[in-house]
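The structure appears below as structure tokens.
The values are calculated or read from the model by the stated rules, or taken from the named source; none is laboratory data. Here the structure is a predicted model, which is why all the values come from computation and not from measurement. We place every Cβ from the backbone using ideal geometry, glycine too, and count neighbours over all the protein chains shown.
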Amino acid sequence: MKLRLTNTLTGKKEEFIPIRPGKAGMYSCGPTVYNFQHIGNMRAAIFVDTLRRALEWNGYEVRQIINITDVGHMVGDGDDGEDKMEVAAKASGKKVSDLADYYTGAYWHDLSLLNIRTGTIKFPKATDHIPEQIALIKELEEKGFTYKTEDGIYFDTSKFPEYGKLGNINLAGIREGARVEKSEKRNPTDFALWKFFMGEGKREQEWDSPWGVGFPGWHLECSAMAMKYLGATLDIHTGGIEHIPTHHNNEIAQSESATRVPFAHYWLHNAHLLMNGGKMSKSEGNVEYLSTLAEKGIHPLSFRYFVLGANYRTSLNYTDEAVRGAQAAFETILKYAMRMLLNKSRRGEVQAFYTAKFTEYLNDDLDTSKCLALVHELLKDSLDDADKLATLLEMDKALGLDIERLARAMGEIPKEIIARNEEREIARKNREWDKADLIRNELEQKGYVALDFAKGSILERTLASLIRK
């Protein structure tokens, strides 16, 4: 089955056909690095990583770009107000550049916790591409798509008849609902390409330009960097569904006005991770981070497993109970893999029947929930353990759950832990129940569970004990 993806541009599930045979170029809207990324943001990262793995599963060589926004993203996501980076820097007493470096590093750390390989991904920063952004504005100006106001250079969306085509945005409704106020914007949907600072004091991040000292608008960086690294037309552009109405339609308008060719052939968007039924948002204060999940004993890859349990286009409601349930199911897989690794007597063979079904599910718009169900079906099969293990690890190349490493780690019991459990067994034989219970509790606090049988006990390490602090 060919890889089929739901294209937001057409509203249809379509076969993926790359611009260049065997190669796929993918641009993803990345973080604004003024704070830590919450797990709602990380759902998007897992989706993009899964998409890349699916492309690689199908034999494509992937060139992947994820931008780092460190300028121009205003509070409220519009053209007015203050820059998120400047606001956060003032509040922390740090330089914007230092703040950006710190939170970019934190973002990369979280990606590593989720087993997202970053070695082949390029992460361009907006502030490193000011010349490219100025050049794009110049091109749009020469072609008659811009106008100047008191506070900046704006794109005239009335000059781009297809504006709003992504997601079939109701422009008439936007115009009718526009606030009546004194504004130099010609149309409610017009957006800033270059901003002049109109506030008090001085911004930390400003650059010279043909139009005056200022800084680029938020939407501009994505077009400039995507086209620099992937060409005028991209295979795939991804982002969250919140990007559809404005951010991505603005990218399309400015890019296609400049190049006269389609900006991207496939647009893919992940739905929100909800909390208490609402969008997870720092401004609302209803957020969780990988670090807070770790404090609750939830492994980052259990969160990945939880996310893979739903289609990326479906809203997913976070609860501690639901994620703990996902961790229990994931731990079942890991324990099975651990025992197969410990007992493996031969190198197993990947079973084509299972990988064919897995490919069918994965290629049906990344139906990872069916892929996970197939994994559990595999473990219940009467196949030889070595063949099951080989097939499981092959599937994990696309799932990215890092099963082999975690399973091996769960099977490694330190000598001091083994010795302490032997003391517990002696206490049990001597009917020293209080001492035995005390040792059992001590082992459990360290992440080891003792399973007692007539002929002795077996120690198992919990997934929670493998959380990287």
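Among (1) surrounded by 15 or more Cβ atoms within 10 Å (Cβ to Cβ); (2) over 30 Å from LEU51 (Cβ atoms); (3) at pLDDT 90 or above; (4) among the hydrophobic types (A, V, I, L, M, F, W, C), where does LEU389 come up short?
Checking LEU389 against (1) surrounded by 15 or more Cβ atoms within 10 Å (Cβ to Cβ); (2) over 30 Å from LEU51 (Cβ atoms); (3) at pLDDT 90 or above; (4) among the hydrophobic types (A, V, I, L, M, F, W, C), the one that fails is (2).
Please tell me if LEU114 is of a type outside the set (Ser, Thr, Tyr), over 29 Å from THR189 (Cβ atoms) and in the same structural domain as ILE46 (by TED's automatic domain parsing).
yes
Yes/no matrix, rows are residues, columns are (1) surrounded by 18 or more Cβ atoms within 10 Å (Cβ to Cβ); (2) not hydrophobic (A, V, I, L, M, F, W, C):
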{"site": "PRO124", "(1), (2)": "yes, yes"}
{"site": "LEU140", "(1), (2)": "yes, no"}
{"site": "LYS143", "(1), (2)": "no, yes"}
{"site": "GLU162", "(1), (2)": "no, yes"}
{"site": "LYS165", "(1), (2)": "no, yes"}
{"site": "GLY173", "(1), (2)": "no, yes"}
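In the set VAL287, VAL307, which member is out of contact with any Gly (no Cβ under 8 Å at 6 or more places or on another chain), closer than 30 Å to ILE241 by Cα, in contact (Cβ under 8 Å) with a residue 12 or more places away in the chain and crowded, with 18+ Cβ neighbours inside 10 Å?
Just one listed residue meets the conditions, VAL307.
Restricting to segment 365-418, count the residues that are under 22 Å from LEU114 (Cβ atoms), small (Gly, Ala, Ser) and either touching a residue at least 60 places away in the same chain (Cβ under 8 Å) or outside any helix (DSSP H, G or I) (or both).
Residues that pass the stated criteria total 4.
Which one of ASP110, ASP128 is surrounded by fewer than 20 Cβ atoms within 10 Å (Cβ to Cβ), at negative phi, in a helix (DSSP H, G or I) and not aromatic (Phe, Trp, Tyr)?
From the options ASP110, ASP128, the qualifying one is ASP128.
Is segment 292-304 home to any residue that is among the hydroxyl-bearing types (Ser, Thr, Tyr), farther than 28 Å from ARG4 by Cβ, touching a helix residue (DSSP H, G or I) at 6+ places or on another chain (Cβ under 6 Å) and outside the structural domain of GLY173 (by TED's automatic domain parsing)?
Yes, segment 292-304 has at least one match.
For the structure I just gave you, tell me whether LEU443 is touching a residue at least 12 places away in the same chain (Cβ under 8 Å), surrounded by 13 or more Cβ atoms within 10 Å (Cβ to Cβ) and closer than 15 Å to ALA337 by Cβ.
Considered against the rule, which asks whether it is touching a residue at least 12 places away in the same chain (Cβ under 8 Å), surrounded by 13 or more Cβ atoms within 10 Å (Cβ to Cβ) and closer than 15 Å to ALA337 by Cβ, LEU443 comes out as no.
Of all residues in segment 75-106, how many are hydrophobic (A, V, I, L, M, F, W, C), in contact (Cβ under 8 Å) with a residue 24 or more places away in the chain and surrounded by fewer than 19 Cβ atoms within 10 Å (Cβ to Cβ)?
Result for segment 75-106: 2.
Being part of a helix (DSSP H, G or I) and in contact with a Leu (Cβ under 9 Å, 6 or more places away or on another chain) is the requirement here; does SER257 meet it?
Spelling it out, SER257 is indeed part of a helix (DSSP H, G or I) and in contact with a Leu (Cβ under 9 Å, 6 or more places away or on another chain).
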